[in-house]
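Written out below as structure tokens is the structure these notes cover.
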Amino acid sequence: MDMIFNIKENILVAELFGELDHHAAGKVREDTDSAMETYGCRDLVFDFTRVTFMDSSGIGVILGRYRKLSAAGGRVAITGCSLTVRNILNMAGVFSLVDYFDTRDEAVNYLNRKEVS
Amino acid sequence: MEKILKVQMEAVLENQGLARAVAAAYASELDPTVEELTEIKTAVSEAFSNAAIHGYPGDMSGSVTMEIATIRPSTIMIKISDQGVGIEDIAQAMEPLFTTDTGDERSGMGFTVMESFTDKIKVDSRPGEGTTVTLIKKLDTYYDF
């Protein structure tokens with residue numbers, strides 16, 4: 001699975017491409033964590049628009065990042081999920097901890113706004 | 001039972017995508033909806049990764065066998081088995097959020113996802129003798145013209 005990182009202020013936007021399964025999850029975790037550290041970001045947006053497949057490994061990736069970041073006062077937001085991806089994340093109650101937005105801009109604006117106020 | 005397909009793969013996570021692709025190719029012939037196909041792929045992905053990760057923990061190696069058959073005109077059965085360590089308490093293993101793994105961010109949602117995306121699931125396992133997960137999926141949109 002490929003990833004593209006974009007940095008907006010303190011926010012890392014991680015765009016995922018392809019299939020997220022247990023095989024791919026390890027690299028997604030490592031690459032995301034190292035990008036967060038390298039660029040000194042506080043908040044994280046996962047953009048799932050280009051994800052063609054995800055199994056329960058995605059739950060672990062998101063909740064793992066949530067745990068890490070929230071311990072340091074950061075937040076995680078998600079955008080662009082297909083209906084099936086949303087169903088899977090819902091089963092584990094991910095959306096009670098992590099906010100979902102229809103577009104990447106809404107996610108970034110939300111995290112930015114909270115930071116200012 | 002018709003059109004029985006049997007594949008044996010090395011129990012490594014690299015083969016997870018292959019297992020999904022084989023199941024999807026088989027199911028495609030039964031004219032599923034895109035959603036049904038995604039559900040089949042997801043359930044197979046969970047069963048395969050369970051077998052590869054938990055069936056053969058640590059340095060253990062082995063194989064995962066996947067058998068697919070059409071049991072009624074619109075219903076497929078997928079059996080995924082390993083000859084690994086087996087499950088001691090099947091009911092506990094199937095509980096949502098239950099995981100034996102604490103450090104590697106596993107969600108413990110594999111069986112819950114399989115249950116949600118198929119019509120029936122059966123788990124046969126004995127410690128030391130491996131595990132077989134049987135998934136049955138009915139394709140509701142099948143029309144017999």
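With respect to A:Tyr66, determine if the residue is within 14 Å of another protein chain (Cβ to nearest Cβ) and touching a residue at least 12 places away in the same chain (Cβ under 8 Å). Taking the combined requirement at face value, the residue satisfies it. For segment A:1-57, which positions are out of contact with any strand residue (DSSP E or B) (no Cβ under 8 Å at 6 or more places or on another chain) and more than 10 Å from every other protein chain (Cβ to nearest Cβ)? Within segment A:1-57, A:Lys8, A:Glu9, A:Lys27, A:Glu30, A:Asp33, A:Ser34, A:Glu37, A:Thr38, A:Gly40 meet the criteria. Out of all the residues in segment B:45-60, is one or more touching a helix residue (DSSP H, G or I) at 6+ places or on another chain (Cβ under 7 Å) and more than 11 Å from chain A (Cβ to nearest Cβ)? No, every residue in segment B:45-60 fails to be touching a helix residue (DSSP H, G or I) at 6+ places or on another chain (Cβ under 7 Å) and more than 11 Å from chain A (Cβ to nearest Cβ). Of the residues making up segment B:114-145, just one is at pLDDT below 95 and β-branched (Val, Ile, Thr), namely B:Thr141.
The values are calculated or read from the model by the stated rules, or taken from the named source; none is laboratory data. This structure is a prediction, so every number in the text was calculated from the model and none was measured. Don't worry about glycine lacking a Cβ; one is built from the backbone with ideal geometry, like all the others, and counts go over all protein chains shown.
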